[in-house]
Ligand SMILES: [Cu+2]
């Protein structure tokens with residue numbers, strides 16, 4: 001999975017240039033077959049399974065969001081950021097070795113091409129939701145939005161689980 005992420009930074013320029021070219025050609029050429037209409041809050045080809053938010057054992061401490069993402073769109077994209085409606089802020093986190101310790105850090109941009117599957121799970125990639133609202137209770141839902149290169153967004157609901165809930169998934173170590 002790791003080598004998927006290394007191309008992230010390099011793709012930044014390519015994607016920005018590509019989008020500009022795409023926008024220009026749209027106005028220039030109206031005989032092209034129309035792309036399927038993009039629904040707000042949905043990225044064509046992206047599916048999210050098993051979305052869940054695991055609260056911290058200490059109320060008010062950051063919560064983690066996990067899910068399985070599959071992308072089957074034709075356009076190459078990069079996940080830029082994630083937001084949680086019921087949290088003060090959110091960051092894409094991954095685990096990596098830093099200062100001789102394995103610890104959480106901001107994730108590199110995550111490139112998506114047709115067929116990419118990315119598992120956000122305990123001990124690996126996750127969305128860290130800071131300052132979670134006190135309204136987030138086990139059994140409730142959190143609204144999560146992923147933003148990709150070009151500004152497209154994908155919004156989904158994640159079930160809220162208590163700290164230590166076994167449905168958080170992922171084996172230790
Ligand atoms: Cu984290």
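Read-outs: derived from the displayed coordinates by stated rules, not from any lab. Worth saying up front: this structure is predicted, and the values here are computed from it rather than measured. Using ideal geometry, Cβ is built from the backbone for each residue, glycine included, and neighbour counts are taken over all protein chains shown.
Spin-label model, residue 133/residue 97: points 7 Å from Cα along the beta carbon direction are separated by 4.2 nm. Estimated from the Cβ-Cβ distance and a Förster radius of 22 angstrom, the FRET efficiency linking residue 155 and residue 59 is about 0.30. In terms of its C-alpha gyration tensor, the stretch 62-173 has an oblate overall shape, because the principal axis ratio a/c (a ≥ b ≥ c, square roots of the eigenvalues) is not below 1.5 and a/b does not outweigh b/c. Label-to-label distance for residue 168 and residue 50 is 1.5 nm, based on points extended 7 Å past Cα in the beta-carbon direction.
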